[in-house]
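Peer 1: First the structure, then my questions, so here it is.
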Amino acid sequence: MSDEYRVRDFMTSPAKSISHDARLLEAALILRSTGFRHLPIVEGERLVGIITDRDVSRCAPSLLGNITPEEYNAIFENTPLERVMTRAPLTVTPTTPLREAANLLHQRKLGCLPVVEDGRLVGILTVTGMLAVLLGFLNDTTPQASPAEAR
């Protein structure tokens, strides 16, 4: 693979994001309705955190417990994202070599890397998107991440 490939050539942009002052319910609804697994959290355009579908599942109370539907819903409605998000996630820039980004995803066992430029969220690079790149190479076609597959 050429060192000329950069994150900007394969990232999904713009990245779907959510405001830092949103509630867990809003994030859960976005993740469920879009099928995305990662949702960057922004204050203005500045990345401040990330939440994943796994985070949402981890925050949900067990349905096997003694909890009413109202109590269950209240947890989602009343939990601020700032309380449950991963703060200051590892990021890359659009000019980061793709090889370096792939190595970060692999070595750190990450599902995505938000792409930040001058403090602003400009895109997202995901493992699913990287698999699309790999398939492009294996199929001898021009590799590119598809926005529908990239999250």
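Every number in this text was worked out from the coordinates using simple rules, so none of it is lab data. All values derive from a computational prediction rather than experimental measurement. Every residue, glycine as well, gets a Cβ built from its backbone with ideal geometry; the counts of neighbours run over all protein chains shown.
Peer 1: Tell me, 128, 68, 86 in order of fewest to most beta-carbon neighbours within 10 Å?
Peer 2: If I rank by nearby Cβ atoms, fewest first, I get 68, 86, 128.
Peer 1: Indicate, rounded to the nearest 5 percent, the antiparallel portion of the DSSP beta bridges found entirely in the chain.
Peer 2: 85 percent
Peer 1: Rg to Rh ratio, the chain, alpha-carbon atoms and Kirkwood radius?
Peer 2: 1.03
Peer 1: If you don't mind, another one. For the Cα atoms of the chain, what angle does the longest principal axis make with the long axis of helix 98-107, in degrees from 0 to 90, nearest 10?
Peer 2: 40 degrees
Peer 1: Which value, in debye to the nearest 20, gives the size of the charge dipole of the chain about its Cα centre, when Lys and Arg are +1 and Asp and Glu are -1 at the Cβ?
Peer 2: 280 debye
Peer 1: Moving to a separate point now. Using only alpha carbon pairs under 8 Å that are at least six residues apart, calculate the relative contact order of the range 7-138 and give it in whole percent.
Peer 2: 32 percent
Peer 1: Now, a different point. Which one of 12, 110, 78 has its Cα pushed farthest toward the positive end of the charge dipole of the range 7-138, where Lys and Arg give +1 and Asp and Glu give -1 at the Cβ?
Peer 2: 110
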